[in-house]
Amino acid sequence: MIAPTSPFADRHRALETVSAWVLALLWLLPLLYALWTAFHPAAFATRFTLDAPLTLQNFVNAWQAAPFPRYFLNTFLLVTMILAAQLVLATLAAYAFARFTFRGSNVMFMLVLLQLMVMPDILIVENYQTMNLLGLRDTILSIGLPYFASAFGIFLLRQTFKTVPRELDEAATVEGASAWQILMQVYVPLARPIYIAFGLVSVSTHWNNFLWPLIVTNSVESRPLTVGLQVFSSTDQGVDWSIITAATLMTSAPLLLAFLLFQRQFVQSFMRAGIR
Amino acid sequence: MKRLPSSVLPWLLLSPAMVLLIAFTHYPALATLWHSFFSTPKGVRPSVFVGLENYRLMADDPVFWQALCNNLWFALGTIPLAIALAILMALWVNEKLAGRGVLRLAYFTPTVLPMIAVANIWLFFYTPQYGLLEQITGALGLPSHNWLGNPQTVLGALMVVAVWKEAGFFMIFYLAALQQISPVLAEAAALEGASRWQYFWRVQFPLLMPTTLFVLINALINAFRLVDHIVVMTKGGPDNASSLLLYYIYEVGFAFWDSSYAAALTVVLLALLGLIALVKFRVLDRRTHYQ
């Protein structure tokens, strides 16, 4: 990454730095508030004094008040299942688009791109009825299924596969490699950074997804964290902000931790996923 | 070695993804249109063809018009602000400001946090009597205000949350674009005596145009898609003042269980998204083709 020093006269440098930090603090405010409230006794949830004692009791209470281990497991299964299906399906489809000329390929590609505009999130009524018909309602599979074929993934991989030099492909064919071998040994390894980028985007999207899982699930056995958190914070009589913020932090913790650890990769992967 | 004819293989590769795409995107979109011409089956009464009845109902439904208007205001109020902030953020973190890493982290954090989770915290910010905003305005001696309970302010309060959530995400795309601009241009502009301000408006901003168009399309789609915070914070209230189109569809479909009216509403949403798609493919893609 380039780190340019501005060649312009820096009259406003100090002012810019201060403004940038003020905005950053505003942006972090919800998180800072959550950290404060979750780690202090309920009496200090809305009182900000420096001598407030620290406690982990809110996390213990939240953990015991709802089946969070189950919700974590459900979300983990969900994002793993979606990612695995997306990677396989998108790789196959992208390979077909990038390396084969066949009649109807343009029409098919247009049909894929349509999903970038009309995501399954919009078609909740009809998709709910489909899940009912398939007898899948209230299963983890039913949350993931509409997202298995990802237009974004197909598009991203197709663009990447198209940049693979044709010579590599032809050389492998001369060597007697099958289409499958060429895909697995030439294309997939070369697209690794794109796979990582897509994986991060996909996992964070589906970890955070809410409306569709809210509609299609209604039991502890299938609910992901996001829906579990909503059920938890809305059935509570009398809002206990300390426990809600503790639960909120728990729900976002894995992604937040991953983000802190792999900040660079995260940001770069979003950039890569965005510009291609 | 056995080989498939070359025309079969691509279809074989394509079919798993195509089957799912058709099952959960194309078929439901068409079925939505079809079902919008029928009545909702209720108990022993089966669904019957009612033609445009659902649309006639919709034309007379004040809640629909309000949700549609709210959604347009929501788009108009959030998108320009989120994009402007995203550009500002990207310019800042592209320079060597003190603590650049932390700044990047701060701006981008909302993107990875679940909207549903942070909506709970925003809910507290807006809570009357003891919420954070109330404590600040109280300390300044300003009168108390129920931000989410007042039809005048509720949509604005939700727009703030959406801008907060999205600006950092858009920043990433601008940052990527800024880093593609050759530093030679900045040096040349500085040598010519251009100010930082002139350099931005004359050089950087025009070069960011393709990114802005890309971000704009994403922002438009999101404006009609993102309703998580409404479920948590207001449930469309008070008096439907914060209901957006998708939220209203959710309410009609899954609280009132009126699936055919929900289908008709979905058709409107699909038409809006279709319009965005048309503009994208017709106008924008042609103009950004040089990329």
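Around the amide H of residue B:50, modelled in the peptide plane, lie the amide H atoms of B:38, B:39, all under 5 Å away and 5 or more residues distant in sequence or on another chain. Whole-percent P(r), the stretch A:63-214, all Cα pairs, 10 Å bins from 0: 10, 34, 31, 18, 7, 1, 0.
Considering only A:133, A:31, A:96, and ranking their Cα positions along the charge dipole of chain A that arises from unit charges at the beta-carbon of Lys, Arg, Asp and Glu, the one farthest toward the positive end is A:96. Among B:74, B:186, B:154, whose Cα projects farthest towards the positive end of the dipole of chain B, with charges put on the beta-carbon of Lys, Arg (+1) and Asp, Glu (-1)? Among B:74, B:186, B:154, the one farthest towards the positive end of the dipole of chain B is B:186.
Here each label is just a point 7 Å from Cα along the line to Cβ, and for residue B:235 and residue A:141 those points are 3.4 nm apart. Distance distribution P(r), the stretch B:47-284, all Cα-Cα pairs, bin width 10 angstrom from 0: 7, 25, 29, 22, 13, 4, 1, 0 percent. Annotation note: chymotrypsin sites (Phe, Trp or Tyr not before Pro) in the stretch B:192-291 located in DSSP loop regions with a Cβ neighbour count of at most 16 within 10 Å are B:256, B:257, B:290.
For the protein assembly as shown: lysine pairs with Cα atoms under 28 Å, gap of 8 or more or different chains, count?
6
Take the Cβ atoms of residue A:73 and residue B:257, set R0 to 35 Å, and the FRET efficiency comes out at 0.70. Across the stretch B:106-122, computed HN-Hα scalar couplings (Karplus, 6.51 cos²θ - 1.76 cosθ + 1.60, θ = phi - 60°) run 4, 5, 8, 3, x, 4, 8, 7, x, 4, 4, 6, 6, 4, 4, 6, 4 Hz from first to last residue, x flagging Gly and Pro. In this structure, residue B:100 and residue A:43 have a Cβ-Cβ separation that, at R0 = 45 Å, corresponds to a calculated FRET efficiency of about 0.70.
Across all Cα pairs in chain A, the calculated P(r) in 10 Å bins from zero up to the longest distance comes to 6, 21, 25, 23, 16, 8, 2, 0 percent per bin.
Modelled spin labels at residue A:188 and residue A:219, positioned 7 Å past Cα toward Cβ, are 3.6 nm from each other. The fewest-to-most ranking of B:39, B:47 by surrounding Cβ atoms within 10 Å reads B:47, B:39.
Per residue, the convex hull spanned by the alpha carbons of the stretch B:55-121 comes to 124 Å³.
Considering only B:221, B:135, B:231, and ranking their Cα positions along the charge dipole of chain B that arises from unit charges at the beta-carbon of Lys, Arg, Asp and Glu, the one farthest toward the positive end is B:221.
Kirkwood analysis of the stretch A:87-163, using all unique Cα-Cα pairs, places the hydrodynamic radius at 13.7 Å. Projected label points at residue B:27 and residue A:263, each 7 Å from Cα along the beta carbon direction, are separated by 4.6 nanometres.
GNM on chain B, C-alpha springs below 10 Å: top fluctuator among B:183, B:80, B:16? So, out of B:183, B:80, B:16, the one fluctuating most is B:16. Note on residue B:48 and residue A:234: with the Förster distance fixed at 45 Å, the Cβ-Cβ geometry gives a FRET efficiency of about 0.75. Based on the reciprocal of the average 1/r between different C-alpha atoms, the Kirkwood radius for the protein assembly as shown equals 25.6 Å.
Taking Cα centre as origin and charging only the Cβ of basic (Lys, Arg, +1) and acidic (Asp, Glu, -1) residues, the dipole magnitude of the stretch B:127-228 rounds to 100 debye.
Every read-out reported here was derived from the displayed coordinates using simple, explicitly stated rules and does not represent laboratory data. Bear in mind that the values here come from a model prediction, so they are computed numbers and not experimental data. Cβ coordinates were reconstructed from backbone atoms using ideal geometry, including for glycine residues, and neighbour counts include every protein chain displayed.
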